[in-house]
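Report on the following structure.
The values are calculated or read from the model by the stated rules, or taken from the named source; none is laboratory data. It should be emphasised that the depicted structure is a prediction, and the values quoted were computed from it without experimental measurement. Neighbour counts run over all protein chains shown; Cβ positions are idealised from the backbone, glycine included.
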Amino acid sequence: MLGLWQRAGELPPEPDRAGARLVLLGAVGRVSGWYRDLAAGLGQAAPVRDPLPRNPVAEAELVESLRRDLSDEDGRATDTAVRVIWTADHLDAARRLQPSLAAAAGAGKRSS
């Protein structure tokens, strides 16, 4: 994902994207934390945390931020908006993999 942002190069100034950034950073923290705990649990034969549920509130905040801050004057998504959507989708894909990984790590060992 980082490469997508790095290859964007110098972009023309765009409206504030702080709202989208906060939503993405929150998702990164939750998803990476779950995977960090999974790795630690595998290394120590510890229980695996339950997979993360969807976060409809954060999803709605991201959509609102994209509508408000990351559309051009004609209402079309900017290049940054497309990268934000792509990044959010990849984070959600990593979250959706969690149930199968937790099951493979040991059904019956999971804890909340």
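Annotations for the structure displayed:
- Residues within region 56-102 that are in contact with a Leu (Cβ under 7 Å, 6 or more places away or on another chain) and closer than 12 Å to Arg21 by Cβ, tallied: 5
- Close pairs from region 91-112: first closer than 11 Å to Leu52 by Cα and part of a helix (DSSP H, G or I), partner aromatic (Phe, Trp, Tyr) and modelled with pLDDT of 55 or more, Cβ under 8 Å, at least 6 apart: Ala94/Tyr35; Arg95/Trp34; Gln98/Trp34
- A search for C-beta distances below 6 Å between a residue of region 13-37 that is at pLDDT 95 or above and any residue that is of a type in the set (D, E, K, R), counting only pairs 6+ apart in sequence or on different chains, returns Val31/Arg95.
- Search result, residues across region 67-90 that are of a type in the set (Lys, Arg) and farther than 30 Å from Asp50 by Cα: Arg67, Arg68, Arg76
- Selection status of Val63, assigned to a helix (DSSP H, G or I), β-branched (Val, Ile, Thr) and modelled with pLDDT of 85 or more: yes
- Subset of region 80-112 that is among the charged types (D, E, K, R) and modelled with pLDDT under 80 - its residue that is surrounded by the most Cβ atoms within 10 Å (Cβ to Cβ): Arg110
- Residues of region 23-35 classified as among the aliphatic types (A, V, I, L, M) and crowded, with 16+ Cβ neighbours inside 10 Å, total: 4
- Taken together, the residues in region 36-49 that are assigned to a helix (DSSP H, G or I) and buried (at least 16 other Cβ atoms within 10 Å of the Cβ) amount to 2.
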